[in-house]
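S.K.: Dropping a structure here in structure tokens format, bear with me for questions.
The values are calculated or read from the model by the stated rules, or taken from the named source; none is laboratory data. None of these values were measured; they are calculated from a predicted model. Using ideal geometry, Cβ is built from the backbone for each residue, glycine included, and neighbour counts are taken over all protein chains shown. For the accessible areas, the whole protein counts, side chains as well, though only heavy atoms, and no ligand, DNA or RNA atoms are used. Shrake-Rupley method; radii C 1.70, N 1.55, O 1.52, S 1.80 Å.
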Amino acid sequence: MTHSFTSPNAIRTRFSEAMSAMYRAEVPLYGDLLSIVSDVNAQILAEQPALAAEMASADELDRLDVERHGAIRLGTAAELSMMRRAFAVMGMYPVGYYDLSVAGVPVHSTAFRPVEDAALAANPFRVFTSLLRLELIEDTGLRAEAEAILSTRQIFTDEAVRLIEANEAQGGLDDADAERFVLALLDTFRWHGDARVDATTYDRLHGAHRLIADVVSFRGPHINHLTPRTLDIDAAQAAMQARGIDAKAVIEGPPPRAVPILLRQTSFKAIEEDVTFPGGQPGQHTARFGEIEQRGAALTPKGRALYDQLLATARGEAGSQGASYADRLATTFAAFPDTVEALRDEGLAWFRYDVTDAGQRLIATGVRPAGDIDAWLAAGYVRALPIVYEDFLPVSAAGIFQSNLGGAEQRHYAASAARAAFEAAMGGAVQDELTLYAAAEARSMMEVRKALRGVETA
Ligand code: OOG
Ligand code: NI
């Protein structure tokens with residue numbers, strides 16, 4: 001090889017920075033969210049030095065300031081397949097399958113994200129990517145029309161496609177090509193206010209579902225939100241309300257806890273944007289909104305089952321999410337253990353193990369401690385930190401879609417998960433997130449055993 005390739009981590013970081021700058025210019029609210037979240041995070045870290053030290057040693061502090069997730073909605077299998085290949089240039093792979101039809105949203109989705117520990121630590125940029133399911137639209141005429149409209153659009157520039165192909169052929173991109181790729185791909189995520197359909201067609205698509213109008217009418221899958229990660233979503237939400245930002249009443253996900261689990265999110269009203277229909281006719285469309293999130297421990301299948309069960313109970317009892325929903329959620333989730341020790345003892349969360357300073361001192365003396373990880377934990381040679389949840393939650397995602405489509409937008413589709421069809425459209429399988437967490441935990445245990453026993457044992 002005569003030249004060296006730019007690492008996918010570096011390309012992903014460049015892309016996420018470019019996207020952030022673009023979105024800040026397009027949606028001013030996003031700039032406000034960033035400054036509020038950064039203030040809240042700085043305050044929390046100053047107030048809780050132990051948390052700051054723990055995050056630093058878990059390689060989590062540096063990524064916090066750059067951590068974002070975005071979302072796009074695609075119209076065709078060909079678009080999803082090319083998007084998979086584009087994300088691969090940046091070391092982002094599809095993880096998880098989310099069926100949103102159960103919630104009355106005619107899409108199914110995956111999240112493109114890095115999967116390896118080092119890549120996640122470098123920059124965990126994720127994009128929640130949905131594919132429109134036209135087969136769920138009852139009006140066959142409208143379905144055919146939407147299909148025909150989508151079949152003639154090209155959301156990637158020629159240069160982006162050329163560089164995606166070059167990346168596959170060569171196994172990477174050099175620095176100049178990486179730069180060109182980032183700029184070319186950015187164009188796909190940009191807001192294009194000139195609609196591809198006339199106002200009458202837009203209205204008909206909109207009548208079937210607002211989401212269908214959003215996906216079908218425009219030149220590309222404009223990024224619809226970009227979400228920073230806060231260490232305290234309640235504080236961030238309060239700061240927003242104090243600044244007059246119209247936050248969604250309900251925080252999606254689990255209630256506030258001593259040990260955060262999974263994902264808590266809140267979204268903000270979508271902005272009205274000016275659009276221009278062919279011939280110059282002006283109109284309006286709402287597509288883009290604000291969102292912030294707090295991430296906690298990834299749960300094992302047992303923990304996730306308990307979460308799903310408690311959430312269903314709280315939502316079922318609450319009926320509609322009124323003012324008392326937060327109280328009911330808190331009451332219901334009292335049944336979910338809320339200490340690091342209990343989460344570990346009961347096998348509810350995944351953990352990453354590492355050797356403590358005391359363990360390092362012991363190793364330096366040449367003494368090999370007896371027993372295994374539990375004994376070393378008790379003796380203080382090893383510690384266990386919950387692994388951060390890197391994925392999404394279908395019930396929360398459905399709530400976020402709904403709140404930004406407007407309250408009246410309730411449709412009922414026959415619930416029909418179609419993972420195989422999604423994977424066929426994408427041209428590849430989605431990875432199972434639980435397998436990834438289990439592997440990360442197992443790897444850390446192996447490294448700890450190797451360090452303390454001085455030999456590699458499984
Ligand atoms: C995606 C909504 C899902 C999340 O954070 O759960 C999402 C969309 O509205 O396109 O981003
Ligand atoms: Ni989101």
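S.K.: Take the range 252-273 and flag every residue that is within 15 Å of ligand 2 (Cβ to nearest atom) and farther than 23 Å from Trp350 by Cβ.
M.R.: Answer for the range 252-273, where residues must be within 15 Å of ligand 2 (Cβ to nearest atom) and farther than 23 Å from Trp350 by Cβ: Thr266, Ser267, Phe268, Lys269, Ala270.
S.K.: Follow-up. How many of the residues making up the range 50-81 are over 17 Å from the mean Cα position of the chain (by Cα) and either within 16 Å of ligand 2 (Cβ to nearest atom) or not in a helix (DSSP H, G or I) (or both)?
M.R.: Within the range 50-81, residues that are over 17 Å from the mean Cα position of the chain (by Cα) and either within 16 Å of ligand 2 (Cβ to nearest atom) or not in a helix (DSSP H, G or I) (or both) number 4.
S.K.: Shifting gears a bit: Restricting the range 83-93 to residues that are away from ligand 2 (no atom under 16 Å from the Cβ) and open to solvent by less than 30 Å² (accessible area, probe 1.4 Å), which is nearest to Arg153 (Cα to Cα)?
M.R.: By that ranking, first place goes to Met83.
S.K.: Output the residues belonging to the range 279-302 that are outside any strand (DSSP E or B) and either within 17 Å of Tyr389 (Cα to Cα) or open to solvent by less than 10 Å² (accessible area, probe 1.4 Å) (or both).
M.R.: Ala287, Arg288, Phe289, Gly296, Ala298, Thr300, Pro301, Lys302
S.K.: Here is a list of conditions, (1) within 16 Å of ligand 2 (Cβ to nearest atom); (2) open to solvent by 50 Å² or more (accessible area, probe 1.4 Å); (3) touching a strand residue (DSSP E or B) at 6+ places or on another chain (Cβ under 7 Å), and Thr276 meets all of them except one; can you say which number that is?
M.R.: Tallying (1) within 16 Å of ligand 2 (Cβ to nearest atom); (2) open to solvent by 50 Å² or more (accessible area, probe 1.4 Å); (3) touching a strand residue (DSSP E or B) at 6+ places or on another chain (Cβ under 7 Å), Thr276 fails exactly one: (1).
S.K.: Related question: Among the residues of the range 236-248, is any within 14 Å of ligand 2 (Cβ to nearest atom), open to solvent by less than 10 Å² (accessible area, probe 1.4 Å) and closer than 29 Å to Phe125 by Cα?
M.R.: Within the range 236-248 (the criterion being within 14 Å of ligand 2 (Cβ to nearest atom), open to solvent by less than 10 Å² (accessible area, probe 1.4 Å) and closer than 29 Å to Phe125 by Cα), the answer is no, since none of the residues qualifies.
S.K.: Any idea which of Gly96, Gly104 is within 19 Å of the chain's Cα centre (by Cα) and at positive phi?
M.R.: Only one candidate qualifies: Gly96.
S.K.: Next up: Filter the range 64-78 for residues that are at pLDDT 85 or above, more than 13 Å from Ser109 (Cα to Cα) and of a type in the set (D, E, K, R); which is nearest to ligand 1 (Cβ to nearest atom)?
M.R.: Arg68
S.K.: State whether one or more residues within the range 236-245 are closer than 22 Å to Phe128 by Cα and within 16 Å of ligand 1 (Cβ to nearest atom).
M.R.: Within the range 236-245, none of the residues are closer than 22 Å to Phe128 by Cα and within 16 Å of ligand 1 (Cβ to nearest atom).
S.K.: Okay, moving on. If you scan the range 357-379, which residues turn out to be open to solvent by 30 Å² or more (accessible area, probe 1.4 Å), touching a residue at least 24 places away in the same chain (Cβ under 8 Å) and either of a type in the set (Asp, Glu) or outside any helix (DSSP H, G or I) (or both)?
M.R.: Selection gives Arg368, Asp372.
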